[in-house]
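Data first, discussion second: the structure below is written as structure tokens.
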């Protein structure tokens, strides 16, 4: 593969974060094998978590742009080998075994350069593994695919049939059909994204979905929300794509107010993956609700200094 280069290239020592989401949250050995495939010189493992309720795993890696590019491609290939979407359900919306692969600028590199990384990753994922690719956010090839929600509309099962009939829904690279078991991969470039779950003292999933709908309507494009029943409790999963424009404390205050109308309240929160130091609001109500929040493990800048050991031998 040709190394990532361009005019106005990334600064020496540039750091890119990549946060691939895989459609597997029940088999730790399978997830560890996928993570192990991403063990490349120059790549640091910052975080990984499994969500059995959503049948999803999220991995965070960071490092040199070329090394991160190769690691992401290898992870997508291992996921395609190990995950069969035809024998599972998507509790979380998904179109692929390696469902989304976003590249995020950390230091010494711009968002536009991460978009070029995403484009190169997509071409290689198709060339090596036969998994077609959609590009989204800053890497989007079409304006109607800027949102990953639009790309994932109808999920694997619906999209698998639609692409045979509707040329407008076909992948940007590869296809036109999806991979028979691994689906397609959405590859993009974006700013930091905070993934934040809120649990309520209720099992009313209709209530959580109603609050999610109201949050989406009021927050615009910076906050995405879905309601679900997880381990017997109503839960809201939030993706906050611009915490500077929409601080998490404002989102929490809005949700608390909506919950009161439904005669319920948030009882605990959880940050999934890592969060930048700038997004932390010390002594805020939302942070007081967090469970198992260890700053050394959950804050991006601290984890970069002390990465995790890779979970498989030989790395």
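The values are calculated or read from the model by the stated rules, or taken from the named source; none is laboratory data. All figures in this text were calculated on a predicted structure; none of them were measured in a lab. Note that each Cβ is placed from the backbone with ideal geometry, even for glycine, and that neighbours are counted across all protein chains shown.
The single condition from (1) more than 22 Å from the chain's Cα centre (by Cα); (2) part of a loop (DSSP other than H, G, I, E, B) that residue 141 fails is (1). Within the set 58, 34, the sole residue that is at pLDDT below 95 and either in a helix (DSSP H, G or I) or within 22 Å of residue 299 (Cα to Cα) (or both) turns out to be 58.
Listed by position, the helices (runs of 4 or more DSSP H) enclosed by segment 148-254 that each have at least 1 residues that are touching a strand residue (DSSP E or B) at 6+ places or on another chain (Cβ under 9 Å), in the same structural domain as residue 137 (by TED's automatic domain parsing) and at pLDDT 90 or above are 148-151, 155-165. Can residue 264 be described as surrounded by 14 or more Cβ atoms within 10 Å (Cβ to Cβ) and not assigned by TED's automatic domain parsing to the domain that holds residue 62? So residue 264 fits the description; yes.
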